[in-house]
Amino acid sequence: LLPQETGMIYYHLMPTNTFNRTVLLKNPDGTTRMLDLDKDAYYIQKKAEVTNHYLEYCVRSGHGEKAQQAITDLLDFTLLLSREGIVMVDLQFTSNFGFIKDIPVRIDIEHLRFERSWKKGYETHLSKQLKDFRKWIHTHLPPEFLTYFDEEVARLKAEEKK
């Protein structure tokens with residue numbers, strides 16, 4: 001239901017007899033795992049740059065405005081999904097989201113679900129997650145980004161009151 005917002009290309013949740021093949025997956029830490037394409041559940045997404053790496057790279061490369069726009073886009077994107085009733089139990093802005101060609105996407109889809117009541121009950125959850133994101137920005141980015149983040153959160157809250 002969210003192919004653009006998740007970068008989803010393909011998902012396989014039910015056993016089949018289509019592929020008749022196993023694949024050896026190698027993780028960055030050197031561990032491996034065999035994946036039976038017919039029996040195992042899996043999904044394939046477009047390659048996204050994880051938010052923390054994306055923001056740090058933008059800043060290091062002298063593209064501060066791009067990093068600020070990414071923060072704005074990520075906050076707007078998250079709020080839009082929450083308002084629609086898309087529950088994202090563990091937001092973790094820095095690791096569960098990423099960017100594909102400067103567009104924010106949700107890369108950890110394990111706990112996504114639709115819940116009508118969420119349309120009105122997401123504020124408390126979002127508030128805690130924003131504090132965690134703010135803490136990360138304070139620790140990893142120059143001070144002006146913390147000011148920018150606070151201004152963007154204030155903008156979102158003002159929009160909510162309208």
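The values are calculated or read from the model by the stated rules, or taken from the named source; none is laboratory data. None of these values were measured; they are calculated from a predicted model. As a convention, Cβ positions derive from the backbone with ideal geometry for all residues, glycine included, and neighbour counts pool all protein chains shown. These area figures cover heavy atoms from the full protein model, side chains too; ligands, DNA and RNA do not enter into them. Shrake-Rupley method; radii C 1.70, N 1.55, O 1.52, S 1.80 Å.
In the range 1-31, what count of residues is obtained for those that are over 25 Å from the mean Cα position of the chain (by Cα) and part of a strand (DSSP E or B)? The number of residues fulfilling the criteria is 3.
Of all residues in the range 9-23, those satisfying the criterion of being open to solvent by less than 100 Å² (accessible area, probe 1.4 Å) and touching a strand residue (DSSP E or B) at 6+ places or on another chain (Cβ under 6 Å) are TYR10, HIS12, THR22, VAL23. If ILE103 passes every condition in (1) modelled with pLDDT under 90; (2) over 17 Å from PHE133 (Cα atoms); (3) within 12 Å of the chain's Cα centre (by Cα); (4) not polar (S, T, N, Q) but one, which one does it miss? Only one criterion in (1) modelled with pLDDT under 90; (2) over 17 Å from PHE133 (Cα atoms); (3) within 12 Å of the chain's Cα centre (by Cα); (4) not polar (S, T, N, Q) is unmet by ILE103, namely (1). Scanning the range 85-113 for residues that are part of a loop (DSSP other than H, G, I, E, B) and either touching a Lys or Arg at 6+ places or on another chain (Cβ under 6 Å) or exposed (fewer than 14 other Cβ atoms within 10 Å of the Cβ) (or both) yields GLY85, VAL89, ASP90, LYS101, ASP102, GLU110, HIS111.
Selection within the range 114-155: residues that are in a loop (DSSP other than H, G, I, E, B) and of a type in the set (D, E, K, R). The member of this set that is modelled with the lowest pLDDT is ARG116. Taking residues in the range 122-151 that are farther than 25 Å from VAL89 by Cβ, and partners anywhere that are at pLDDT 95 or above and among the polar types (S, T, N, Q), the pairs with Cβ atoms closer than 9 Å and at least 6 places apart or on different chains are GLU144/GLN68; PHE145/GLN68; TYR148/GLN68; TYR148/THR72. Note on the range 48-58: among residues that are in a helix (DSSP H, G or I) and crowded, with 17+ Cβ neighbours inside 10 Å, the one that is nearest to the chain's Cα centre (by Cα) is THR51. Just so you know, in the range 71-94 the residues that are of a type in the set (Ser, Thr, Tyr) and modelled with pLDDT under 90 include one that is farthest from the chain's Cα centre (by Cα), and it is SER82.
Scanning the range 71-89 for residues that are among the acidic types (Asp, Glu) and closer than 20 Å to PHE114 by Cβ turns up ASP76, GLU84.
Here is a list: LEU146, LEU74. Which entry is over 22 Å from TYR10 (Cα atoms), touching a strand residue (DSSP E or B) at 6+ places or on another chain (Cβ under 8 Å) and open to solvent by less than 40 Å² (accessible area, probe 1.4 Å)? Of the residues listed, the single one that is over 22 Å from TYR10 (Cα atoms), touching a strand residue (DSSP E or B) at 6+ places or on another chain (Cβ under 8 Å) and open to solvent by less than 40 Å² (accessible area, probe 1.4 Å) is LEU74. When ASP29, ASP40 are screened for being out of contact with any strand residue (DSSP E or B) (no Cβ under 8 Å at 6 or more places or on another chain), more than 21 Å from ARG155 (Cα to Cα), modelled with pLDDT of 85 or more and exposed (fewer than 15 other Cβ atoms within 10 Å of the Cβ), only ASP29 passes.
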